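Novice: One structure follows; several queries about it will come next.
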Amino acid sequence: MEPWILWPLFGFAMWMLFAKGGACSSRRRSRDGVNAREASNEVARLKAELDASHAQIEGLKRRLEAVETIVTDEEAQLRRDFDRLART
């Protein structure tokens with residue numbers, strides 16, 4: 001077989017591998033689309049988890065402020081607040 005006959009075959013193989021819309025690039029594009037979708041889903045999940053953590057931290061801050069008020073408040077003021085809450 002003459003070597004010059006293989007050059008067009010080699011050229012076509014290279015075109016299929018590297019050309020836009022070729023066999024490998026289409027597979028890569030679909031794989032990148034799936035990876036991008038998975039990454040987007042992961043980002044959304046992490047954002048939701050972060051929002052839940054922020055809400056939990058805010059709740060804990062409010063509870064800590066209440067405990068600090070109870071511990072540092074004068075006894076008379078505290079008694080009035082408890083009486084007021086008991087009446088409502």
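Novice: Carbon and sulfur: what percent of segment 47-88's accessible surface (1.4 Å probe)?
Specialist: Summing carbon and sulfur atoms, their accessible area is 56 percent of the total for segment 47-88.
Novice: Also, quick follow-up: Could you work out how much longer the chain between Asn35 and Arg62 gets when fully extended? Use 0.36 nm per residue separation minus the Cα distance between them, nm to one decimal.
Specialist: So the extension gain works out to 5.7 nm.
Novice: Shifting gears a bit: So what are the ³J(HN,Hα) numbers for segment 48-55, from phi and the Karplus equation (6.51, -1.76, 1.60; θ = phi - 60°), rounded to whole Hz, Gly and Pro as x?
Specialist: 5, 5, 5, 4, 5, 5, 4, 5
The values are calculated or read from the model by the stated rules, or taken from the named source; none is laboratory data. This one's a predicted model, so the numbers in the text were calculated from it and none came from an experiment. Just so you know, the surface numbers come from the protein's heavy atoms only, side chains and all, with ligands and any DNA or RNA stripped out. Shrake-Rupley method; radii C 1.70, N 1.55, O 1.52, S 1.80 Å.
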